[in-house]
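Engineer: Here's a structure for you.
The values are calculated or read from the model by the stated rules, or taken from the named source; none is laboratory data. Bear in mind that the values here come from a model prediction, so they are computed numbers and not experimental data. Note that each Cβ is placed from the backbone with ideal geometry, even for glycine, and that neighbours are counted across all protein chains shown.
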Amino acid sequence: MIAGISIYEILTLTSILFFIGIYGFFTRENLITVLMSVELILNASAVNFVLINTYLYPDLLQGAVFSIFIVALAAAETALAIAIIINLYKLIYSVEVKDTETMKY
Amino acid sequence: METIIFYILAAIIILFAVASVTSRKILRAVIYLLFVLIGIAGLYFLVDYNFLAAIQLTVYGGGIIVLFIFAVLLIHHVELELEKTALKKKLIAGALSAAGLAVTLWAISTYPFPETTATYTSIEVADIGRKLLSYEDGGFILPFEVISVLLVAVMIGAIVVAKGKKLSEDRSPKTEDGSEKLIENN
């Protein structure tokens with residue numbers, strides 16, 4: 001728990017971070033930058049898990065454990081997505097969203 | 001003191017997040033994302049959850065950002081600027097995000113969060129480890145094993161996918177004796 005900070009301020013911060021990620025997801029046209037927006041969204045939710053755990057249920061650990069799983073999932077997702085992006089670049093010489101018409105191997 | 005640090009971290013996180021989704025230089029956008037992730041690690045340090053802060057710094061700061069930088073360097077020229085997004089698209093996306101943010105903030109501000117009497121000290125690594133490997137009620141042994149299987153599958157999958165096949169100049173799949181093998185197998 002952070003002294004002097006209420007849960008409302010923290011949830012406001014993470015909501016703003018989440019919707020900045022959503023904005024990037026909508027506007028970006030390059031697959032790598034879209035993936036970066038997804039990272040922002042995942043991080044906002046991980047912070048929510050930890051801070052709701054510490055503010056509302058300080059004697060439990062569920063949120064803390066789930067945030068570790070989120071980090072593992074984010075790492076897995078990023079590694080696979082970047083592999084797909086590099087493969088796509090080999091196939092069509094572009095990573096723009098509008099050029100991505102086929103995902104066939 | 002902690003209040004001031006929290007506000008400084010919040011300002012860093014939001015400023016660099018905005019810079020990261022609007023910057024047109026892709027390598028700079030990756031570095032701004034790194035600053036956001038470090039700011040979030042600072043938040044974890046503030047609530048005394050040192051283990052996740054360390055994981056955040058090593059996995060994100062050390063692993064994912066390096067992956068992003070390698071992908072950018074493999075695919076783009078460093079100085080390359082991204083195409084400008086159409087103003088109409090920006091406006092629609094901004095309006096949608098702002099509307100979603102307004103709804104979320106309204107829901108948060110009107111929800112009565114329960115008051116707790118339990119006191120919070122810090123989240124210890126030993127407790128996390130026991131919880132992750134516990135078979136009892138509320139233990140996390142099954143998701144833990146599922147995550148490890150998932151990570152192995154992703155590692156193999158990433159290697160297989162990234163190897164791929166290089167195409168010839170006319171953008172048709174190169175057949176290095178692949179076509180004959182296909183017929184034989186059929």
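Engineer: Out of all the residues in segment B:160-167, is one or more among the β-branched types (Val, Ile, Thr) and at pLDDT 90 or above?
Structural biologist: Looking for residues that are among the β-branched types (Val, Ile, Thr) and at pLDDT 90 or above, one finds none in segment B:160-167, hence no.
Engineer: Next up: I need the full set of residues from segment B:1-31 which are of a type in the set (Val, Ile, Thr), touching a Leu at 6+ places or on another chain (Cβ under 9 Å) and farther than 22 Å from A:Ser37 by Cα, in order please.
Structural biologist: B:Ile5
Engineer: Give the number of residues within segment B:98-130 that are farther than 29 Å from A:Leu13 by Cα and either of a type in the set (Lys, Arg) or in contact (Cβ under 8 Å) with a residue 12 or more places away in the chain (or both). If you could, list the steps in order and put the result at the bottom.
Structural biologist: The first filter runs over segment B:98-130 and keeps only residues farther than 29 Å from A:Leu13 by Cα, leaving B:126, B:129-130.
After this cut, where a residue has to be either of a type in the set (Lys, Arg) or in contact (Cβ under 8 Å) with a residue 12 or more places away in the chain (or both) as well, the list is B:130.
Qualifying residue count for the region: 1.
Engineer: Out of all the residues in segment B:29-49, which are touching a residue at least 40 places away in the same chain (Cβ under 8 Å) and either small (Gly, Ala, Ser) or in a helix (DSSP H, G or I) (or both)?
Structural biologist: Those that are touching a residue at least 40 places away in the same chain (Cβ under 8 Å) and either small (Gly, Ala, Ser) or in a helix (DSSP H, G or I) (or both): B:Val30, B:Leu46.
Engineer: Which one is nearest to B:Ile26 (Cα to Cα), of the residues in segment A:58-101 that are of a type in the set (Ser, Thr, Tyr) and more than 7 Å from every other protein chain (Cβ to nearest Cβ)?
Structural biologist: Filtering segment A:58-101 for residues that are of a type in the set (Ser, Thr, Tyr) and more than 7 Å from every other protein chain (Cβ to nearest Cβ), the one nearest to B:Ile26 (Cα to Cα) comes out as A:Ser94.
Engineer: Restrict the check to segment B:96-116 and report whether at least one residue is under 30 Å from A:Ala83 (Cα atoms), modelled with pLDDT of 90 or more, not assigned by TED's automatic domain parsing to the domain that holds B:Val18 and not acidic (Asp, Glu).
Structural biologist: yes
Engineer: Hey, another quick one. Does any residue in segment B:144-165 that is farther than 19 Å from A:Ala74 by Cβ come within less than 9 Å, Cβ to Cβ, of a residue that is part of a loop (DSSP other than H, G, I, E, B) six or more places away or on a different chain, and which pairs are these?
Structural biologist: B:Gly164/A:Tyr105; B:Lys165/A:Tyr105; B:Lys165/B:Lys174; B:Lys165/B:Glu176
Engineer: Here are some conditions: (1) without any contact (Cβ under 8 Å) to a residue 24 or more places away in the chain; (2) crowded, with 18+ Cβ neighbours inside 10 Å. A:Ser15 meets all but one. Which one does it not meet?
Structural biologist: Checking A:Ser15 against (1) without any contact (Cβ under 8 Å) to a residue 24 or more places away in the chain; (2) crowded, with 18+ Cβ neighbours inside 10 Å, the one that fails is (1).
Engineer: Could you tell me whether any residue of segment B:58-71 is free of Cβ contacts under 8 Å to residues at least 60 places away in the same chain, at the interface with chain A (Cβ under 9 Å from one of its Cβ atoms) and polar (S, T, N, Q)? Spell out the reasoning first.
Structural biologist: Keep residues of segment B:58-71 that are free of Cβ contacts under 8 Å to residues at least 60 places away in the same chain, which gives B:58-71.
Keeping just the survivors that are at the interface with chain A (Cβ under 9 Å from one of its Cβ atoms) gives B:59-60, B:63-64, B:67-68, B:70-71.
After this cut, where a residue has to be polar (S, T, N, Q) as well, the list is none.
Within segment B:58-71 (the criterion being free of Cβ contacts under 8 Å to residues at least 60 places away in the same chain, at the interface with chain A (Cβ under 9 Å from one of its Cβ atoms) and polar (S, T, N, Q)), the answer is no, since none of the residues qualifies.
Engineer: Still on this structure: Looking at (1) assigned to a helix (DSSP H, G or I); (2) facing another protein chain (nearest Cβ under 9 Å), can you tell me which one B:Leu15 breaks?
Structural biologist: The number of the failed condition is (2).
Engineer: Could you say which residue among A:Asn48, A:Asn87 is free of Cβ contacts under 8 Å to residues at least 24 places away in the same chain and under 27 Å from B:Ile147 (Cα atoms)?
Structural biologist: Answer to the selection: A:Asn87.
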